[in-house]
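The values are calculated or read from the model by the stated rules, or taken from the named source; none is laboratory data. Source: prediction; values computed, not measured. Note that we place each Cβ from the backbone using ideal geometry, even for glycine, and neighbour counts take in every protein chain shown.
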Amino acid sequence: MPSEAIDLRAAVLRAYERGRTRVSATRAVVAVVLVGVVASLVVGHGAAPWALVVLPVVFFAERTGQGLARGARRGILVGLVTLLLPLSLLRPCCAPELMELAARTGDMSCCTDWTCCALVGMLLGVVSSFALPRVSRGAAPSTLSGFTAGAMAVAAVRCSSLFWGETLGLLVGLFGALVLASTARVCFGQPAAAA
Amino acid sequence: MDEDELDRTMDRLAIGDRSAFDPLYLALHPRAVSIARRRLRDEALALDAAQESMIRVFSRASEFARGAHVLPWFYAVCANEVRAIERRRGVLAPNDAAPEEASGEASAEDQLQSAELHRALEHALASLDLESAEAISALLGESTKPEIAGATFRKRVSRAYAKLRILLGRYHAV
């Protein structure tokens, strides 16, 4: 190929990558706004800034494209479900009066119990794995990664109103169950599909 | 690469499959050069127009709607680039028409291509239904625009264009 043709090919490829970056940035901003609005309506205004966690995840996934982007989009929808989880489910041992008492006495042990959140996270992860897009075995790792990253990024927004122990429980439970259940589904449960 | 394969390759590139870049580039670049050459009749300007068209098309490839057809969009982008260059050339040198065109001495190959294209177009236009033919004719300025709303006219032209494209592809492989 002559050098002029190679230069043109390189210029066109750069243009494609620039276009991809622009589109990815736009989609990432749209995702942040969507998650931010839902979070502020469902969780509270304090949760909205946490939606920024979604920005790099969506940007990277959309920029890379293919399975990763597809998985991330589905993962974000699944993650939105975590925003709807009621606090009473995540913090069953901490009644409001107990929380007030804990705040006065400084004994926050009931609020740092992570087991409930981990169980809820695991349950949610197993159920969410059924929302994994159908893909071929070859595309499964990237789709699964995108799916998990998208779901975790939005779930992190839910953690803005939780204590550290609960946050850890929810995220670890969700992550572990998502990866295990989705992998199992890809390997055993799901019919092969085109990439 | 046929039209269906082009569409599929563009779909792959739109979702980020970089392995679709080279086949698509190799399929579209000669088309862009050919269109620009035919319209501009100046090798350097044609290559410039083709380059700009390719950059524009590929920079928007990620926005390409899945299932849409590549070629009508691609030809529209190429035509816009060619028009932009024609306008610039018109502003810079109003009387600077391409030498062959100005002297009326188009090459034998160009004349043959042009005659074939005209025949194909006439045949396809003759095969169109009346409403579509009227719309194309009005678009080309050969008849008056029918007294209908602008949006309706645009829809009619769009439908007529799609029919024309099918006819040209079916009978003349244009």
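Among the conditions (1) in a helix (DSSP H, G or I); (2) modelled with pLDDT under 80; (3) not aliphatic (A, V, I, L, M), the only one that A:Ser145 does not satisfy is (2).
Identify all residues within the stretch B:3-37 that are farther than 28 Å from A:Val23 by Cα and more than 14 Å from chain A (Cβ to nearest Cβ); write none if there are none. B:Ser34, B:Ile35, B:Arg37, listed by residue number. For the stretch B:21-30, check the following and say yes or no: at least one residue is of a type in the set (Gly, Ala, Ser) and surrounded by 20 or more Cβ atoms within 10 Å (Cβ to Cβ). No, the conditions are met nowhere in the stretch B:21-30.
Small (Gly, Ala, Ser), surrounded by fewer than 16 Cβ atoms within 10 Å (Cβ to Cβ), under 19 Å from B:Leu13 (Cβ atoms) and in contact (Cβ under 8 Å) with a residue 12 or more places away in the chain: is that true of A:Ala69 in this structure? No, not satisfied. Residues of the stretch B:62-78 that are closer than 16 Å to B:Gln51 by Cα and among the hydroxyl-bearing types (Ser, Thr, Tyr): B:Tyr75 alone.
In the condition set (1) among the small types (Gly, Ala, Ser); (2) out of contact with any Phe, Trp or Tyr (no Cβ under 7 Å at 6 or more places or on another chain); (3) touching a residue at least 12 places away in the same chain (Cβ under 8 Å), B:Ala14 is compliant with all but (2). Taking every residue in the stretch B:53-69 that is facing chain A (nearest Cβ under 7 Å) and pairing it with any residue that is part of a loop (DSSP other than H, G, I, E, B) and surrounded by fewer than 21 Cβ atoms within 10 Å (Cβ to Cβ), at least 6 positions away or on another chain, the pairs with Cβ-Cβ distances below 9 Å are B:Ser62/B:Ile15. Within the stretch B:32-55, can one find any residue that is basic (Lys, Arg) and either touching a His at 6+ places or on another chain (Cβ under 9 Å) or within 22 Å of A:Ala69 (Cα to Cα) (or both)? No.
Matching residues to (1) surrounded by fewer than 19 Cβ atoms within 10 Å (Cβ to Cβ); (2) more than 25 Å from A:Ala72 (Cα to Cα); (3) without any contact (Cβ under 8 Å) to a residue 40 or more places away in the chain:
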{"residue": "A:Arg9", "(1), (2), (3)": "yes, yes, yes"}
{"residue": "A:Tyr16", "(1), (2), (3)": "no, no, yes"}
{"residue": "A:Gly19", "(1), (2), (3)": "no, no, yes"}
{"residue": "A:Val23", "(1), (2), (3)": "no, no, yes"}
{"residue": "A:Val43", "(1), (2), (3)": "no, no, no"}
{"residue": "A:Trp50", "(1), (2), (3)": "no, no, no"}
{"residue": "A:Val57", "(1), (2), (3)": "no, no, no"}
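Of all the residues that make up the stretch A:33-73, how many are within 14 Å of chain B (Cβ to nearest Cβ) and either on the phi > 0 side of the Ramachandran plot or of a type outside the set (Val, Ile, Thr) (or both)? The number of residues fulfilling the criteria is 14. Checked against (1) in a helix (DSSP H, G or I); (2) modelled with pLDDT under 90; (3) not acidic (Asp, Glu), B:Tyr25 meets all criteria but (2). Among the numbered conditions (1) of a type outside the set (Asp, Glu); (2) under 17 Å from the mean Cα position of the chain (by Cα); (3) part of a helix (DSSP H, G or I), the only one that B:Ala68 does not meet is (3). Applying the condition of being buried (at least 22 other Cβ atoms within 10 Å of the Cβ) and within 17 Å of A:Ala131 (Cβ to Cβ) to the stretch A:72-91 and asking which residue is modelled with the lowest pLDDT yields A:Thr82. More than 9 Å from chain A (Cβ to nearest Cβ), touching a residue at least 24 places away in the same chain (Cβ under 8 Å), buried (at least 19 other Cβ atoms within 10 Å of the Cβ) and not acidic (Asp, Glu): does that describe B:Leu40? So B:Leu40 fits the description; yes.
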